[in-house]
Amino acid sequence: MRLDPAQMPHRFASRSVTQAGRVDPTPLDVYIDRQQVIVKRRLAGLPLTLVQPVGVFLGVFAEVAPGATPGTLSARIGLRHRDPAMSIELAASDRLEDLAADWCAWGEALGLPLLLVEPDGKISRIEKPEDEGVSTPLVPPRRRVAALTARRPRFLVRRKPGRPATAGPLYRGEREIIARN
């Protein structure tokens, strides 16, 4: 089953990635959306629910390893956490082209950097290529001293100016009644 990062939220069963890059066989129930990741697992026989914001993950990792048959490669992508036991596998396949597209799409959808796990376990961060042909237009800096200009700020322009309150009725020649204790 392929998870589409553009159509979140997703609920799926996943596996945890251990320190040595091995996959833990204990199944995880994972709920993921753009803001948080909820993981339900069993720890020492007890149910455990972890709710984490997406920002605690280091990035979306991709790992390529030799496949089951000689001459083939298999790849995995997932969310990398500081604690390797809390890293989550999103997809695993022998089709590297599909996973490469999913890897970039998950990074964009979650706003996380792309990480590449080397065969020796070293993690490197992949930077986005800059478009050299497109330059940013030059925009003059905004004037910051609005108090020196003779115009009203934008939010005050939308307001209606105040009107003097109509004076109440005046009673001339009458005595004032004062209440005393």
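Readers should treat all values here as calculations from the given coordinates under stated rules, not as data from a laboratory. Everything quoted here is computed from the prediction, not taken from an experiment. Positions of Cβ are generated from backbone atoms using ideal geometry, with glycine treated the same way; all protein chains shown enter the neighbour counts.
In this rough spin-label picture, where each label sits 7 Å from Cα along the Cβ direction, the Tyr171-Gln52 distance is 7.6 nm.
The modelled label-to-label distance between Asp98 and Ile123, using points 7 Å beyond Cα along the C-beta direction, is 2.6 nm. Once the C-beta distance of Gln35 and Val64 is scaled by a Förster radius of 25 Å, the resulting FRET efficiency is 0.25 to the nearest 0.05. For region 66-108, the residues whose amide N sits under 11 Å from a probe point set 7 Å from the Cα of Met8 along the beta carbon direction are 106-108.
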